[in-house]
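Read-outs throughout are calculated quantities, based only on the coordinates presented, and are distinct from any laboratory measurement. The structure displayed is predicted, hence computed values, not measured ones. So basically every Cβ, Gly included, is an ideal-geometry build from the backbone, and we count neighbours across all protein chains shown.
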Ligand code: N2P
């Protein structure tokens with residue numbers, strides 16, 4: 001009885017204790033499984049800043065929260081094509097000139113407008129490609145085309161991402177079009193193709209498909225290269241390719257929402273993430289390329305920067321402004337079936 005009363009009193013004290021904790025804080029909202037496990041604890045130890053990390057699985061999920069007026073986030077990780085819309089909506093804080101001592105570590109190829117349309121508002125983090133992962137023990141002929149998703153031989157064992165731009169982008173490339181097409185006829189065909197592929201899919205699922213392809217429940221999955229590399233590390237039967245029709249290349253960036261409560265701490269975190277050894281450790285764990293040039297040199301097995309030849313088959317997504325709505329409309333219809 002006594003113990004219970006004491007425990008009750010202690011529990012009652014918790015909110016009060018939390019309110020009195022004057023240690024500086026930082027709230028990060030980012031993609032799941034997207035940094036090394038030591039990254040945050042090391043930063044907390046070094047700075048005394050207490051960090052909370054919330055995760056999301058898609059840009060759409062993050063945007064929905066942000067546009068609904070989410071408060072309290074200090075760092076978000078939008079893919080770079082979203083930056084023009086976010087900046088225009090006044091949702092991002094301009095990074096003060098000279099605030100990041102380590103900014104020069106970013107390789108210049110990731111600060112060009114196609115990769116980072118707003119270097120004044122966002123710091124390059126990691127980049128990757130969207131392609132096809134498959135299980136060698138289940139799929140006899142290595143898929144080299146987005147057309148694999150129409151193959152009824154694998155019906156029920158395939159997945160595509162839960163992402164409008166990725167699914168429609170893949171279908172657009174399949175027909176030789178740009179992932180940034182706004183042509184109604186091309187998008188109409190992409191919708192028809194997406195619906196045909198849908199009949200063979202187990203689900204629309206992005207990075208969390210990793211566990212299912214490792215377990216062997218999924219044989220063919222549209223995946224990002226780093227998540228495929230993480231899966232391959234767990235199961236050597238898993239391979240990854242960028243289809244011959246081409247695909248997207250993208251870069252995620254770190255940015256500070258304009259209503260961030262802890263800007264000083266956010267800038268400190270960004271500069272920490274820009275250290276070569278921190279960037280390298282993150283890339284080693286996530287399997288993605290780091291935009292950090294000296295960080296790349298620290299990696300024993302870095303994702304090589306795309307060659308000029310590869311870049312002819314890979315396109316950066318662009319912000320499509322008003323036309324984005326058309327993608328979301330088609331996507332809603334595709335998902336409804
Ligand atoms: C999350 C990786 C996501 C990167 N595991 C997609 N931009």
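Panel order for 152, 290, by other beta carbons found within 10 Å of each beta carbon, from fewest to most: 152, 290. On the basis of the beta-carbon distance and an R0 of 25 Å, residue 94 and residue 182 show a calculated FRET efficiency of 0.30. Relative contact order, whole percent, for the chain stands at 27, derived from Cα pairs under 8 Å and 6 or more residues apart.
Shape summary of the range 166-320, radius of gyration then Dmax from alpha carbon positions: 18.1, 50 Å.
One chain, two ends: residue 217 and residue 297. Fully extended at 0.36 nm per residue, the span grows by 25.1 nm beyond their Cα-Cα distance.
Spin-label pair residue 68-residue 21: with each label point 7 Å from Cα along the Cα-Cβ axis, the two points sit 2.5 nm from one another. Sorting the segments 237-243, 195-201 by their mean number of nearby beta carbons within 10 angstrom, highest to lowest, gives 237-243, 195-201. Between residue 309 and residue 192, the contour length at 0.36 nm per residue exceeds the Cα-Cα span by 39.1 nm. Net length available on complete extension from residue 46 to residue 259 is 74.1 nm, with 0.36 nm assigned per residue and the Cα-Cα distance removed. Checking the a/c ratio against 1.5 first, then a/b against b/c, what shape does the Cα gyration tensor give for the chain? Verdict is prolate for the chain. Treating the angle as unsigned and between 0 and 90°, give the value, to the nearest 10°, between the Cα long axis of helix 263-273 and the longest Cα principal axis of the chain. Tilt of helix 263-273: around 60 degrees.
Each of residue 332 and residue 85 was given a label point 7 Å from its Cα along the Cα-to-Cβ line. The distance between the two points is 1.4 nm. The calculated FRET efficiency for residue 275 paired with residue 153, based on their beta-carbon distance and R0 = 35 Å, is about 0.15.
Mean sequence separation of contacting Cα pairs (under 8 Å, at least six apart), scaled by the length of the range 259-324, corresponds to a relative contact order of 22 percent. Between residue 61 and residue 111, the FRET efficiency from the beta-carbon distance, with R0 = 22 Å, is close to 0.25.
Listing 166, 310 from fewest to most neighbouring C-beta atoms within 10 Å gives 310, 166. The angle between the Cα long axis of helix 2-20 and the longest principal axis of the Cα atoms of the chain comes to about 80 degrees, rounded to the nearest 10. The C-alpha atoms of the chain define a longest principal axis, and helix 324-336 lies at about 70 degrees to it.
Between 167, 40, 123, which gets the highest mean-square fluctuation from a Gaussian network model of the chain, Cα cutoff 10 Å? Maximum among the listed residues: 40. Size of the range 80-182: Rg and Dmax of its alpha carbons, in Å, are 18.7, 56.
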